[in-house]
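All remarks here apply to the structure that follows.
The values are calculated or read from the model by the stated rules, or taken from the named source; none is laboratory data. The structure presented is a predicted model; accordingly, all values stated were derived computationally and were not measured. All Cβ positions, even for glycine, are placed from backbone atoms using ideal geometry, and neighbour counts span all protein chains on display. The area values use the complete protein model at the heavy-atom level, side chains included, leaving out ligands, DNA and RNA. Shrake-Rupley method; radii C 1.70, N 1.55, O 1.52, S 1.80 Å.
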Amino acid sequence: MEAERLESVVEAAERLFASRGFEKTGMRELAAETGVSTATIYARFRSKRRLLAEIVERRLDEALRIADGLPYTDGRAVADGHPLDAYLETIRRLNRHFSGDPLLRRIFAFESHVRDRRVLQHSMRVEQELTRRSAAALSRMAAEGWIRCGDPEAIAQLVSLSLQGWLARESRHGAPLSEARLTNALLESLRG
């Protein structure tokens, strides 16, 4: 029961942070909305920033679950079709996950502005793991002759950087090309 009540706090915080903003949402308001005492909320999360960090970490962990769709993850091969198609679809899903989430957009576009050390460290670990998995999938596809790629690690890093750069540009000026179009152009060049 306690876990369900605390989960309702996280869900309410996500809603209120999105609709009213982080600064304008108070812990008392969360307590009133969820029926969980402020003392219980503080005992579990310690602060509003810790609550926000938990929300962001959950969203980052979801990205790792999406990345399980990359071909050759954990030694699994692609059941049907071209492994590059499975790779592209997973990268598209990851990019939609980041570009569609206002919190993750800010973190990945403007990492230098993230004040919470725990969130920054977790986001860096997730980014490194996503790039590692991406490079491993590209390496295996290249080794098996599915794609032409002399430097899978560099391509994986470019895929990551293209999303980050697109998010930053889109946030500042609007992007002249869609992120999906840029990613497709980069990855389609790998087809042999």
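At 7 Å along the Cα-to-beta-carbon direction for both L186 and D68, put a label point, then send me their distance in nm to one decimal.
Calculated label separation equals 2.5 nm.
Would you rank L158, L163 by solvent-accessible area, highest first, keeping every protein chain in place and using a 1.4 Å probe? Walk me through the numbers on the way to the answer.
Numbers: L158 85, L163 15 Å².
Accessible-area ranking of L158, L163, largest first: L158, L163.
Comparing S134, S123, S47, which has the greatest mean-square fluctuation in the GNM of the chain with Cα pairs linked when under 10 Å apart?
Maximum among the listed residues: S47.
Taking amide H positions as placed in the peptide plane 1.01 Å from N, state which residues far from I147 in sequence (5 or more) or on other chains have amide H under 5 Å from it.
Residues meeting the amide H criterion: A142.
Given a Förster radius of 41 Å and the C-beta distance between S8 and A154 as r, what FRET efficiency does 1/(1 + (r/R0)^6) yield to the nearest 0.05?
0.35
Please check: in the Gaussian network model of the chain (C-alpha springs, under 10 Å), which one of H97, H82, H122 has the largest mean-square fluctuation.
In the Gaussian network model the winner is H82.
For the stretch 132-139, in order, what is each residue's ³J(HN,Hα) by Karplus, 6.51 cos²θ - 1.76 cosθ + 1.60 with θ = phi - 60°, in whole Hz (x at glycine and Pro)?
4, 5, 4, 4, 5, 5, 5, 4
Taking the solvent-accessible surface of protein heavy atoms with a 1.4 Å probe, what is the per residue accessible area of the stretch 1-130 in Å²?
Values: 7060 Å² over 130 residues.
Each residue of the stretch 1-130 exposes 54 Å² on average to a 1.4 Å probe.
Once you have the Kirkwood Rh of the stretch 6-95 from its Cα pairs, apply Stokes-Einstein at 25 °C and 0.890 mPa s and quote D in µm²/s.
Using the Kirkwood radius from Cα pairs, D works out to 160 µm²/s.
Based solely on its DSSP helices, what 222 nm [θ] is calculated for the chain when runs of n ≥ 4 H residues each add -39,500 (n - 2.57) and the sum is averaged over all residues, nearest 500 deg cm²/dmol?
-23500 deg cm²/dmol
Equivalent-ellipsoid semi-axes (√(5λ), Cα gyration tensor) for the stretch 150-192, whole Å, largest first?
22, 12, 5
Looking only at Cα atoms, what is the convex hull volume of the chain per residue, in Å³?
Details: hull volume 25.7 nm³, N = 192.
Given the Cα convex hull of the chain, per-residue volume reads 134 Å³.
For the stretch 25-89, with all protein chains present and a 1.4 Å probe, just round the carbon and sulfur fraction of the accessible area to a whole percent.
Roughly 47 percent of what the probe reaches on the stretch 25-89 is carbon or sulfur.
Got a sec to turn the phi values of the stretch 153-167 into Karplus ³J(HN,Hα) couplings, 6.51 cos²θ - 1.76 cosθ + 1.60 with θ = phi - 60°, whole Hz, x for Gly and Pro?
Coupling constants for the stretch 153-167: 5, 5, 5, 4, 5, 4, 4, 5, 5, 5, 5, 4, x, 5, 4 Hz.
Would you mind computing, in nm to one decimal, how far apart the modelled labels at R106 and E129 are, each placed 7 Å from Cα along Cα→Cβ?
Going by the 7 Å Cα→Cβ label model, 2.4 nm.
Test of understanding: extend the Cα→C-beta vector of E23 to 7 Å, then name every residue of the stretch 49-68 with backbone N under 16 Å from that spot.
In the stretch 49-68, the label zone of E23 (backbone N under 16 Å from the point 7 Å along Cα→Cβ) covers 49.
Using a 1.4 angstrom probe on heavy atoms only, work out the carbon and sulfur share of the accessible area of the stretch 112-164 in %.
Looking at the stretch 112-164 in its full context, I get 53 percent from C and S.
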